[in-house]
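Worksheet for the structure shown next.
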Amino acid sequence: MFKNFLKIAFRNLLRNKSFSAINIIGLAIGMASAIIILLWIQNEMSYDQFHQKKDRIYEVWNRAFFSNQLSSWNTTPKVLARALEKDLPEVEQATRVNWPSDHLLGIGDKRLLVTGYMVDSNFLQMFSFPLLNGNPASSLKEMYSIVITEKLAKKLFGHEDAMGKIIRYDNSDNFTVTGILKDLPNNTRFDFEYLLPWSYLRKTGGDDNIWGNNSTKTYVLLKPNTSLASVEPKIKVIKQKYDDDAKKSNWQMFLYPISRWRLYSDFANGYETNGGRITLVKLFGIIAVFILLIACINFMNLSTARSEKRAKEVGIRKVVGARKGSLISQFIGESVLLAFIAGIIAIIIVQLSLPAFNQLTDKNLFIPYNIPQFWLASIGFVLFTGFLAGSYPAFFLSSFQPVKVLKGSFKKVNALVAPRKVLVVLQFTFAIVLIICTVIVKQQIDHAKDRDAGYDKRNLIFVFLNNGSDKNYTIIKNELLSSGAASSVTKTNEPLTARWNGGSGQDWEGKDPNDNTDFCMFTEDGDLGATAGLKFIVGRDIDVQKYPTDSLGIIINESALKVMKFKKPIGQIIKDIDQQWHVVGVIKDFILESPYEPTKPMLIYGPKSWFSTIQIKLNSKNSTAQNLKTAQAIFTKYDPEFPFEFQFVDEVYARKFEDEKRTGTLAGLFAGLTIFISCLGLFGLATYMAEARIKEIGVRKVLGASVTNITALLSKDFIKLVLVSIIIASPIAWLAMHKWLQGYDYRINISWFVFIASGLLAISIALLTVSFQAIKAAMSNPVKSLRTE
């Protein structure tokens with residue numbers, strides 16, 4: 001029985017090679033696309049879900065009013081962790097993680113700039129990052145202990161055992177390796193190659209007990225069987241208990257579970273929205289389903305289109321006693337066989353495509369061949385695809401009546417709304433939706449890119465300060481200028497492309513007592529205007545050489561001026577950071593954070609502030625390579641222990657568009673695949689229709705029909721279906737993109753031109769696909785097609 005089934009299945013495959021090839025290729029591409037997307041979804045859904053205590057791990061968040069708006073964020077006071085352990089019996093332990101930063105690790109003559117954290121000693125007990133060597137409970141107990149990853153151990157020590165070895169940190173202190181971590185998985189929010197104990201941060205003066213300094217992340221492990229509801233009322237008021245200002249402003253804290261960090265942490269008006277990364281995950285899940293469905297639709301369409309050729313087979317088999325169930329099993333079995341062949345090809349496609357896809361998505365996805373669940377899931381996936389693709393053709397073909405078929409009276413009904421037409425419309429509807437979405441995403445990215453950043457990014461680089469460059473900053477600056485490598489140099493507290501500092505509580509004359517505006521807090525030691533090309537509305541830049549009192553000078557932007565309502569801003573006093581700062585200038589707003597959001601009020605403090613970054617405007621009269629070579633020589637001369645590491649501001653600014661570009665590229669890629677798979681089916685249908693109507697075409701040609709007439713005759717039905725798809729797809733795409741754009745304050749208006757252009761593109765693609773077969777049929781010799789008559 002089974003042998004007979006296989007014989008029939010393979011005979012049908014070989015008898016109809018072109019249709020079989022189209023079916024297999026379409027299914028393979030659809031399955032490969034779905035598999036890649038499912039791997040990406042699995043990676044996204046599994047972020048930080050490998051921690052053994054994940055059900056009890058939470059991050060502490062704040063909720064408070066700023067700028068008359070309720071906001072939520074996840075940086076907390078450093079003193080919070082110990083207060084939670086002391087005041088909340090439900091908390092088993094709390095750990096702190098400071099901001100990641102690059103520091104110099106050295107072994108002999110080897111020097112590496114490496115990203116790491118300073119954490120509490122219980123960090124490795126709370127989070128399940130497995131140690132290859134060392135004890136999670138004691139590895140970070142001592143002040144001068146360091147835990148490194150396996151990858152960093154190989155960089156520093158090669159194949160030697162790193163345990164117990166000494167590493168010099170920032171050319172200042174020696175640390176003993178007390179633990180070696182297995183390299184971090186690619187599905188975690190944490191990004192480090194080494195860990196230092198929090199006690200060292202305290203020793204270097206980085207720790208404090210100030211409840212108003214929200215500058216670190218705090219994680220909490222609740223005791224077993226503790227409900228979140230029992231803890232929430234207590235943690236809600238924990239800051240109010242210690243900070244009077246928090247009590248006045250009704251400042252609240254809350255716990256945010258690890259299961260929601262990656263996908264759901266999108267907040268508006270202080271509370272979680274229905275958006276976040278989960279929206280993207282759901283979107284690509286839908287795309288995976290539809291691409292696979294479109295591949296299955298091709299199979300259904302081609303199988304039912306060939307129904308007349310298999311009608312006699314069905315009739316004879318029914319006459320000799322075959323039941324409907326056995327016929328259904330035969331046809332579904334054939335589709336499952338095709339699906340297995342397509343599945344093998346799909347795995348090969350996925351394996352070949354993953355490197356490029358990983359580069360596009362910044363992932364490290366792989367096929368887990370060594371996991372039995374993968375093979376079980378794959379077999380289930382193939383069976384499901386085969387059943388889905390073959391179900392409709394199986395029921396359709398098995399329903400033929402043998403009497404009508406064998407008498408030759410069986411005819412297909414060319415219904416106005418045939419299932420095949422519905423399936424073609426569904427295919428192209430989805431494809432057109434993706435095309436429209438791709439175009440709108442690109443327009444939104446271009447819209448933000450074209451927005452005036454408010455400063456000149458050209459030839460502008462920044463270098464982070466360290467002990468050597470900070471101590472020798474004045475000499476380095478002077479030599480950069482005198483050598484001609486730079487036209488301007490300044491120090492700031494952060495790059496021009498990121499907001500690291502902010503706060504409220506400043507005071508000025510005429511301030512509304514209820515005002516709690518959250519200001520961006522920037523700093524400079526002079527010449528920021530010349531270095532970054534800032535545009536001054538009134539006043540001037542800070543210049544302590546010419547105006548010694550400018551050490552307490554401050555510059556405000558347009559948005560800050562609107563908040564402070566100064567009629568004559570120059571000379572006004574702003575009280576902050578225990579100092580009185582006098583306004584020396586007002587600048588036009590520039591984009592410090594997202595180019596998709598409105599600029600915020602900003603205060604730029606003078607030299608009596610804090611710094612972490614050197615901004616360098618390279619001399620445009622020299623080549624960039626020459627300027628960088630000179631700069632490297634100067635930095636190496638006065639800071640020989642640290643490698644000269646720099647970043648171009650325009651490149652860092654361009655990274656602000658990476659997520660949207662990635663979304664647009666993926667949408668475009670899947671739109672292209674959808675169109676390709678749809679066109680495979682369309683090509684197959686056009687081929688069959690040309691074969692089925694070959695005698696009609698011959699008669700028409702004999703009666704004088706031109707090639708153009710016949711081509712139009714064979715193409716018009718398909719174009720009608722594409723037009724219906726455009727009508728259905730346009731409102732769906734508009735609704736989806738309108739909702740997506742609402743997530744951006746700075747956004748485009750959707751143009752009607754996008755829908756017309758996308759529709760014309762779909763029609764053109766369909767015409768090109770169909771017209772090849774139509775023209776071929778129209779140019780055939782009518783004598784050959786009519787010879788049997």
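The values are calculated or read from the model by the stated rules, or taken from the named source; none is laboratory data. Just so it is clear, the model here is predicted, and its values are computed rather than measured. Counting neighbours? That spans all protein chains shown, and the Cβs are built from the backbone with ideal geometry, glycine included. Surface areas here come from the heavy atoms of the whole protein model, side chains and all, with no ligands, DNA or RNA. Shrake-Rupley method; radii C 1.70, N 1.55, O 1.52, S 1.80 Å.
Things worth noting here:
- Computed as a quarter of the hull surface, the mean projected area of the alpha carbon convex hull for the range 455-504 stands at 4.7 nm².
- Couplings 3J(HN,Hα) for the range 190-202, derived from phi with the Karplus relation 6.51 cos²θ - 1.76 cosθ + 1.60 (θ = phi - 60°), are 7, 9, 8, 10, 8, 10, 10, x, 4, 4, 6, 4, 5 Hz, where x marks Gly and Pro.
- Against the criterion of solvent-accessible heavy-atom surface with a 1.4 angstrom probe, 573, 24 sort, most first, into 573, 24.
- The charge dipole of the range 605-676, taken about the Cα centre with unit charges on the Cβ atoms of Lys, Arg (+1) and Asp, Glu (-1), comes to about 280 debye, rounded to the nearest 20.
- Extension gain for residue 213 to residue 245 (0.36 nm times residue separation, less C-alpha to C-alpha distance): 10.3 nm.
- Solvent-accessible area assigned to carbon and sulfur over the range 579-625 amounts to 48 percent, based on a 1.4 Å probe.
- Taking all protein chains into account, the per residue accessible area for the range 49-94 stands at 42 Å² (1.4 Å probe).
- With Cα atoms defining each centre, the range 176-208 and the range 561-612 are spaced 35 Å apart in the structure.
- Protein accessible area in the range 444-534, 1.4 Å probe - carbon and sulfur %: 42 percent
- For the range 58-171, alpha-carbon Rg relative to the globular expectation (2.2 N^0.38 Å, N residues): 1.34
- Per-peptide average of other Cβ atoms within 10 Å, ordering 347-358, 135-146 highest first: 135-146, 347-358
- Label sites at residue 593 and residue 577, each approximated as a point 7 angstrom past Cα along Cα to Cβ, lie 2.0 nm apart.
- Added length on full extension, which subtracts the Cα-Cα distance from 0.36 nm per residue, residue 190 to residue 756: 199.2 nm
- Between residue 55 and residue 203, the simple spin-label model (points 7 angstrom out along Cα→Cβ) gives 4.0 nm.
- A protection proxy built from the mean count of other Cβ atoms within 10 Å ranks the segments 232-245, 34-47, most packed first, as 34-47, 232-245.
- The range 722-733 - phi-based ³J(HN,Hα) in whole Hz, Karplus 6.51/-1.76/1.60, Gly and Pro as x: 5, 4, 4, 4, 4, 4, 6, 5, 4, x, 5, 5
- The 3J(HN,Hα) values that the Karplus relation (6.51, -1.76, 1.60; θ = phi - 60°) gives for the range 449-466 are, in residue order, 5, 6, 5, 5, 6, x, 8, 9, 7, 5, 6, 10, 10, 9, 10, 7, 6, 9 Hz. Gly and Pro appear as x.
- Residue 73 accessible area, assembled protein chains, probe 1.4 Å, Å²: 60 Å²
- Placed amide H near residue 71: partners under 5 Å, 5+ positions off or other chain: 64, 65, 66
- Residues of the range 140-250: accessible area per residue with a 1.4 Å probe, Å²: 49 Å²
- Amide H contacts of residue 145: 176, each under 5 Å away and 5 or more positions distant or on a separate chain (H built 1.01 Å from N in the peptide plane; Pro and chain starts excluded).
- Annotation: amide H of residue 118 within the under-5 Å range of 98, 196, sequence separation 5 or more or interchain, hydrogens built in the peptide plane.
- Extension reserve of the residue 456-residue 636 stretch, reckoned as 0.36 nm per residue once the Cα distance is removed: 62.1 nm
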